[in-house]
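Here's the structure, in structure tokens; my notes come after.
The values are calculated or read from the model by the stated rules, or taken from the named source; none is laboratory data. Note that the structure is a prediction, hence the values are computed from the model and not measured. Neighbour counts run over all protein chains shown; Cβ positions are idealised from the backbone, glycine included.
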Amino acid sequence: MEEENKILVKHLNHASFLIIYKKTSIVIDPFFSGEFFWQGHIEKQVNKPDIRLEDLPHIDAILCTHIHADHFEIETIFNIEKGDNSFLIAPFDVINVCIGKGFNRSQAIIGDKNVTVKIKDIKIICLPNKGSEQEHQCTRLSFVIEAGGKKIFHSGDSHGYSNTWGKYRGKIDLACLWCEDTEEIIENLQPVSVYLHHFEKFSPGDFSCNKDVLKMIKLLEKRFPEIKFYNPVEQKQIVL
């Protein structure tokens, strides 16, 4: 990147994003296999993107929002950590599974409500998803990533807006949002710009997917004309 204080945000696949600032790189919910086990059957991605794990840069931290297998791809997490000695920031149940499988305990950080972690040039703030606010240990996370004076938000699979996000209203430069309850989150969070995720076609598609993302964007643009919406199909990466 030519300008040192710019942040690269790249949509990799499904809910997975790569964020690079200066010499620090983090990946959120890495998903490369294109298939996962879900409620007694295998979900397969219809048009698996041409992305490879080996094409990633050095990864300083892996962020995992929750334990569902389309967000928690354990083989990928182990492969990244093995090659890069990356930190893993995730809910306690994800951390416990990884440590039980031999993950380096010293690189594992339990993400919980308002836990803040500094990874080199990037600050990561853990927030609960809607419905997880009262859990003793949070099982579903969203993340605020702060770097270069900018704030990036990743909703995970939050079923709506959590009141615990209130202090970030109007302060998020880019919100990476699940294609469910999207309008409620935008209405309350009031981000400057939005990237959608979790819309790809899967078969048989018995979970929240198979969305017409272009149609969604057109509807959202009419509802929120003051907000910039990026088309993740055509615009795979942006620079803030």
Return the residue satisfying two criteria in turn: it lies in the range 172-187 and is at pLDDT below 95 and of a type outside the set (A, V, I, L, M, F, W, C), and of such residues it is farthest from the chain's Cα centre (by Cα).
D181
When you scan the range 74-121, how many residues do you find that are surrounded by fewer than 18 Cβ atoms within 10 Å (Cβ to Cβ), touching a helix residue (DSSP H, G or I) at 6+ places or on another chain (Cβ under 8 Å), hydrophobic (A, V, I, L, M, F, W, C) and assigned to a helix (DSSP H, G or I)?
4
Only one of E43, E54 that is free of Cβ contacts under 8 Å to residues at least 40 places away in the same chain and over 17 Å from P91 (Cβ atoms)
E54
Options Y168, Y195: the member that is buried (at least 18 other Cβ atoms within 10 Å of the Cβ), modelled with pLDDT of 95 or more and more than 16 Å from the chain's Cα centre (by Cα):
Y168
Need pairs with beta-carbon distance below 8 Å; first residue part of a helix (DSSP H, G or I) and within the range 208-228, second surrounded by 13 or more Cβ atoms within 10 Å (Cβ to Cβ) and of a type in the set (F, W, Y); sequence gap 6+ or separate chains.
V213/F199; M216/F199; I217/F229; L220/F229; E221/F229
Looking for something assigned to a helix (DSSP H, G or I), over 17 Å from the mean Cα position of the chain (by Cα) and surrounded by 15 or more Cβ atoms within 10 Å (Cβ to Cβ) - is there at least one such residue anywhere in the range 48-58?
no
Any residue at all in the range 181-203 that's closer than 14 Å to V233 by Cα, in contact with a Leu (Cβ under 8 Å, 6 or more places away or on another chain), β-branched (V, I, T) and in contact (Cβ under 8 Å) with a residue 12 or more places away in the chain?
yes
Counting only residues that are over 24 Å from L8 (Cβ atoms) and touching a Leu at 6+ places or on another chain (Cβ under 9 Å), the range 41-87 contains a total of 1
Quick one: I62 ticks every box in (1) touching a helix residue (DSSP H, G or I) at 6+ places or on another chain (Cβ under 8 Å); (2) aliphatic (A, V, I, L, M); (3) surrounded by fewer than 18 Cβ atoms within 10 Å (Cβ to Cβ); (4) part of a strand (DSSP E or B) bar one, so which box is it?
(3)
Contact list please: Cβ distance under 9 Å, first residue in the range 109-122 and farther than 14 Å from R140 by Cβ and free of Cβ contacts under 8 Å to residues at least 60 places away in the same chain, second residue hydroxyl-bearing (S, T, Y) and crowded, with 16+ Cβ neighbours inside 10 Å, pairs at least six apart or on different chains.
N114/T164
Within the range 122-145, the residues that are surrounded by 17 or more Cβ atoms within 10 Å (Cβ to Cβ) and either outside any loop (DSSP other than H, G, I, E, B) or modelled with pLDDT under 95 (or both) are I122, I124, I125, C126, L127, P128, L141, S142, F143, V144, I145
Of everything in the range 19-42, what is surrounded by fewer than 20 Cβ atoms within 10 Å (Cβ to Cβ) and not in a loop (DSSP other than H, G, I, E, B)? Give them in sequence order.
T24, E35, F36, F37, W38, H41, I42
For L12, are the conditions met, namely being at pLDDT 95 or above, crowded, with 19+ Cβ neighbours inside 10 Å, under 16 Å from the mean Cα position of the chain (by Cα) and not in a loop (DSSP other than H, G, I, E, B)?
yes
